[in-house]
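Report on the following structure.
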Amino acid sequence: MKYIIGIGGVTNGGKTTLTNRIIKALPNCCVVHQDDFFKPQDQIEVGEDGFKQWDVLDSLDMEAMVSTVRAWIENPVKFARSHGVNVTPGSKKPASKDIHILVIEGFLLYNYKPLIDLFDIRYYLAVPYDECKRRRSTRNYTVPDPPGLFDGHVWPMYLKHRKEMEDSGVDVVYLDGLKSRDELYNQVFEDIQNKLLNCL
């Protein structure tokens with residue numbers, strides 16, 4: 001059985017932290033990080049807001065990302081091995097009963113139709129403006145944030161894409177990014193376990 005989990009939401013909402021805990025706890029689990037699909041810096045356009053447009057779909061090679069996910073769907077064992085993930089066969093079960101899990105993590109997972117339809121469950125981490133801005137200010141990025149980027153581009157794009165997602169009726173499980181790391185992990189891990197049991 002194959003199961004695809006999305007962990008999306010706002011920048012600095014706790015997606016990567018949660019993802020890293022989840023993938024260690026689940027069997028035969030691989031991960032795809034949307035941040036690995038950013039286009040080169042010289043291909044990122046400057047928008048009307050005066051900032052390089054990092055927080056939009058055009059900054060990402062979404063076709064390559066979907067191709068990567070489809071490679072996992074086609075052969076999760078081969079994908080896992082090529083990504084250094086140990087695959088443990090199910091004990092005395094037919095191969096079809098083996099569970100293979102893919103976690104996809106990123107800030108714009110639910111705004112690209114070819115990707116949206118591949119998820120079995122979609123989580124969405126949200127934090128309020130003040131906390132998001134505080135967290136963002138403590139991060140060191142390869143390309144540092146220019147002054148005013150958060151208010152002038154990052155937050156407006158988050159609100160725009162969240163509204164688009166909600167308006168298009170994408171079914172997501174909202175997570176409160178203000179909860180402790182342990183609370184979030186326990187909530188999501190328990191939810192995934194229950195859903196996997198229901199699939200068997």
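The values are calculated or read from the model by the stated rules, or taken from the named source; none is laboratory data. None of the values given here were measured: they were computed from a predicted structure. Glycine gets a Cβ as well: all are built from the backbone with ideal geometry, and neighbour counts include every protein chain shown. Accessible surface areas use protein heavy atoms only, side chains included; no ligands, DNA or RNA. Shrake-Rupley method; radii C 1.70, N 1.55, O 1.52, S 1.80 Å.
Scanning the chain for trypsin sites (Lys or Arg not before Pro) in DSSP loops with at most 15 neighbouring Cβ atoms within 10 Å leaves 1-91 as the longest stretch between them. Less than 5 angstrom separates the built amide H of His100 from those of Lys2, Tyr3, all sequence-distant by 5 or more or on a different chain.
Structure remark: mean-square fluctuation, Gaussian network model of the chain, C-alpha springs under 10 Å; the largest value among Thr16, Thr138, Thr88 belongs to Thr138. Full extension of the chain between Leu178 and Thr142 gives 10.4 nm of extra length, using 0.36 nm per residue less the Cα-Cα distance.
Using a probe radius of 1.4 angstrom, the carbon and sulfur fraction of the accessible surface of the stretch 1-128 is 49%. In percent, rounded to a whole number, the relative contact order of the chain is 36, using alpha-carbon pairs under 8 Å and six or more apart. Computed with a 1.4 Å probe over protein heavy atoms only, the accessible surface of the stretch 127-187 comes to 65 Å² per residue.
Under 5 Å from the amide H of Leu60 lie the amide H atoms of Lys39, each residue being 5 or more positions distant or on a separate chain, with H modelled from the backbone and absent for Pro and chain starts. Along the positive direction of the dipole of the stretch 93-169 (beta-carbon charges: Lys, Arg +1; Asp, Glu -1; about the Cα centre), which of Pro156, Val143, Ser168 reaches farthest? The residue sitting most towards the positive pole is Val143. Scoring 164-175, 100-111 by mean Cβ neighbours within 10 Å over their residues and listing the highest first yields 100-111, 164-175.
Averaging the sequence gap over all C-alpha pairs within less than 8 Å and six or more residues apart, then dividing by the number of residues, gives the stretch 119-181 a relative contact order of 76 percent.
Taking θ as phi - 60° and the Karplus parameters 6.51, -1.76 and 1.60, the scalar couplings of the stretch 46-53 work out to 8, x, 4, 7, x, 10, 4, 8 Hz in sequence order, x denoting glycine and proline.
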